[in-house]
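Beneath this line is the structure, given in structure tokens, with notes to follow.
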Amino acid sequence: MAGSFGGSDDEVISGINVTPLVDVVLVLLVIFLMTAPVIYQSAIKVQLPKAKSGEQAEKSPLNFAITKEGEVFWDKEQLSWEVLGQRLSALGATAGDQTAIISADQTTPHGTVVRLMDTLRQAGLTRFALNVETQSPGK
């Protein structure tokens, strides 16, 4: 029999090779992990101001967003200013060495951004990063 490695033609395949399935699942997992931050960031509608000089900020659990209507978000959760202050004060001394990343819509009044920075300072946070959309040098 051509292509047969011993045994008879009646031999039944008793196992399934799962290696290709594992490979496909791992590739899909990597793709999901790469695209998740992009999907996550676009969940809150904030049009970031554009800048030609911007740096990649370090990852931080303290991501804040302010919409053009003045709504404040901590990660994906919308909070009132009072609740934000209470939650930040609950962080205590652990907040001092972390960087707060602020993403404010380009039409957000300057006073609203300063209010958020003041609230963060009252909670003991002294390191801030303002999130911008970087432009390529040719634009």
Q) For segment 52-95, how many residues are surrounded by fewer than 10 Cβ atoms within 10 Å (Cβ to Cβ) and either modelled with pLDDT of 85 or more or touching a Lys or Arg at 6+ places or on another chain (Cβ under 9 Å) (or both)? A) 1
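Take the residues in segment 99-130 that are outside any helix (DSSP H, G or I) and of a type in the set (D, E, K, R), then tell me which one is surrounded by the fewest Cβ atoms within 10 Å (Cβ to Cβ).
Here is the first cut: in segment 99-130, the ones outside any helix (DSSP H, G or I) are 99-109, 123-130.
Now restrict to residues that are of a type in the set (D, E, K, R): 105, 127.
On the way: ASP105: 21, ARG127: 15.
Ranking the candidates gives ARG127 first.
The values are calculated or read from the model by the stated rules, or taken from the named source; none is laboratory data. Model, not experiment: these values are computed from the prediction. Using ideal geometry, Cβ is built from the backbone for each residue, glycine included, and neighbour counts are taken over all protein chains shown.
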